[in-house]
Amino acid sequence: MEEQYIEWVDVGDGSREEMLNDGEVDIVIATYTITHQRREELGFAGPYFTAGQSILTGWYNESLVRSEYDLIDEPVCTLEDSVAEEELQWMGADVTARSSVDDCLEMLDDGDVVAFSADNTYLVGVVQENPGEYRMVGEPFTYEPYGIAIDVDDDNFRMWLNDLLETAYDDGRYEQAWTSTIGDTLEIPEEGLEIDRYVR
């Protein structure tokens, strides 16, 4: 068996951009939305998954929040330095940003906010782990393409990763990974992977 030279690093409270730019890591695989602003500083392969910002509430306040429009002028928790934070501020919600999912759930449980808004990938996990306590309401209201981040100047590595993603999709490994993780909750997109092989 071929020896693997991979060392996994927990980003923790550190900046993904700083870790890549400082050479501390070579690649970041996470729930990391590709944006034009981030692509100025980092290279991105993919997207390998397209998420969407959604809304989580407790069962008790379903009638108060049904869609993103009900969040305007209302207290909402989201995760720090996320695309969701920017979107909620733009919409006019009263945003509180916290460093962890648990912090936002605590605020929701205490009645300090009417909802927790983040990418559906986070919220689906919360619902699955806490049956009967929370529900997702409305439909995803943003487009959040997740990418694999690397050094901004390493175009060859970026193209190699894109090739790898497409091969995994074509030979069935992508579908197998999807089915074994989130397949019970989210259907695999019929359109398949839509890799963005952008040129800088």
If one takes the longest principal axis of the Cα atoms in the chain, at what angle in degrees, from 0 to 90 and to the nearest 10, does the Cα axis of helix 155-170 lie? 70
Förster radius 22 Å - calculated FRET efficiency between Asp154 and Thr31 (Cβ-Cβ, nearest 0.05): 0.50
Exposure ranking of Thr181, Thr142, Thr167 by accessible area [1.4 Å probe, largest first]: Thr181, Thr167, Thr142
Counting only protein heavy atoms and using a 1.4 Å probe, what share of the accessible area of the chain belongs to carbon plus sulfur, as a whole percent? 45
So what does log10 I(q)/I(0) come out to for the range 82-200 at q = 0.09 Å⁻¹, using the Debye formula with one equal point on every Cα and no solvent? -0.36
Direction-averaged shadow area of the convex hull around the Cα atoms of the chain, nm²? 12.7
Quick one: angle between helix 101-110 and the longest Cα principal axis of the chain, in degrees between 0 and 90, rounded to 10, please. 0
CD proxy, 222 nm, the chain: helix-only mean residue ellipticity via -39,500 (n - 2.57) per DSSP H run with n ≥ 4, per residue, nearest 500, stands at -9000 deg cm²/dmol
The range 108-165 - charge dipole about Cα centre, Lys and Arg +1 at Cβ, Asp and Glu -1, debye rounded to 20: 240
Got the relative contact order for the chain handy, in percent, Cα pairs under 8 Å and 6 or more residues apart? 33
The range 134-190, accessible area per residue, ligands and nucleic acids excluded (1.4 Å, Å²): 63
Please label the shape of the range 79-120 as rounded, prolate or oblate, based on the square roots a ≥ b ≥ c of the eigenvalues of the alpha-carbon gyration tensor (a/c under 1.5 means rounded; beyond that, a/b larger than b/c means prolate, else oblate). oblate
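The values are calculated or read from the model by the stated rules, or taken from the named source; none is laboratory data. The model shown is predicted, which means the values in this text are computed figures rather than measured ones. Every residue, glycine among them, receives a Cβ derived from its backbone with ideal geometry; neighbour counts consider all protein chains shown. Just so you know, the surface numbers come from the protein's heavy atoms only, side chains and all, with ligands and any DNA or RNA stripped out. Shrake-Rupley method; radii C 1.70, N 1.55, O 1.52, S 1.80 Å.
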